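Step one of this worksheet: look at the structure below.
The values are calculated or read from the model by the stated rules, or taken from the named source; none is laboratory data. The structure presented is a predicted model; accordingly, all values stated were derived computationally and were not measured. Cβ placement follows ideal geometry from the backbone for every residue including glycine, while neighbour counts extend to all protein chains displayed.
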Amino acid sequence: MKDRLFLDTNVMLDLLGERAPFFATAARIATLADKGKIELVVSAVSYATVYYLLSKYENTEAVMGKLRKFRSISSVSDLSETVIDKGLSSNFSDFEDALQYHCALHTNCNIIITRNGKDFRFSELPVLTGEEYLKNHEP
């Protein structure tokens, strides 16, 4: 069975913003998804956040192109009423992290990839950095 990775917004931003030194790892994960070796899932809120942040530094056409390309290798977890309600009643200190976590659960992901593992200390899913994932799970 393929790993189904939930990418936190920071990892999506590392990839699409080509942020050093994190881009190379994010690109390796994206390549695995492009080759069909893993599945990637991101929350709908990540698209809005990444668009907002990247469009401050790049023209909107370029940002939209990056988002479209990324969409071709990933699935999107909706922000349903259930996810929002669970986020609101969770013990996460950051609401956005709670939404990300419950999106991961809702879409049956088996690993969360983030650079901010401490933000997911209540996670029942394994939480890894991209480097940790590639070191221990790369197909």
Pick from the range 119-139, criterion modelled with pLDDT under 95 and of a type outside the set (D, E, K, R), ranking: surrounded by the most Cβ atoms within 10 Å (Cβ to Cβ): PHE120
query: For the range 1-92, which strands (runs of 3 or more DSSP E) that fit wholly inside it have 3 or more residues that are farther than 11 Å from ILE113 by Cβ?
result: 74-77
statement: Across the range 93-105, the tally of residues that are in a helix (DSSP H, G or I) and either surrounded by fewer than 19 Cβ atoms within 10 Å (Cβ to Cβ) or under 12 Å from the mean Cα position of the chain (by Cα) (or both) stands at 9
query: Just one of the numbered conditions (1) among the β-branched types (Val, Ile, Thr); (2) in contact with an Asp or Glu (Cβ under 8 Å, 6 or more places away or on another chain); (3) more than 18 Å from THR25 (Cβ to Cβ) is not true of THR107; which one?
result: (2)
- request: Test each condition in (1) part of a helix (DSSP H, G or I); (2) farther than 22 Å from ALA20 by Cα; (3) in contact with a helix residue (DSSP H, G or I) (Cβ under 9 Å, 6 or more places away or on another chain) for CYS109 and report the one that comes out false.
  value: (1)
- request: Starting from residues that are among the charged types (D, E, K, R) and loosely packed, with under 13 Cβ neighbours inside 10 Å, keep the ones in the range 38-68 and report whichever is farthest from the chain's Cα centre (by Cα).
  value: GLU61
- prompt: Checking ASN116 against (1) at pLDDT 95 or above; (2) of a type outside the set (Phe, Trp, Tyr); (3) under 13 Å from the mean Cα position of the chain (by Cα), which single condition isn't satisfied?
  reply: (1)
task: Please enumerate the residues belonging to the range 112-125 that are outside any helix (DSSP H, G or I) and within 26 Å of ARG28 (Cα to Cα).
output: ILE112, ILE113, THR114, ARG115, ASN116, ARG121, SER123, GLU124, LEU125
message: Among the listed residues LYS37, LYS56, identify the single one that is over 14 Å from GLU131 (Cβ atoms) and free of Cβ contacts under 8 Å to residues at least 40 places away in the same chain.
response: LYS56
field: Residue check for SER46: touching a Cys at 6+ places or on another chain (Cβ under 8 Å), hydroxyl-bearing (Ser, Thr, Tyr) and at pLDDT 95 or above
entry: no
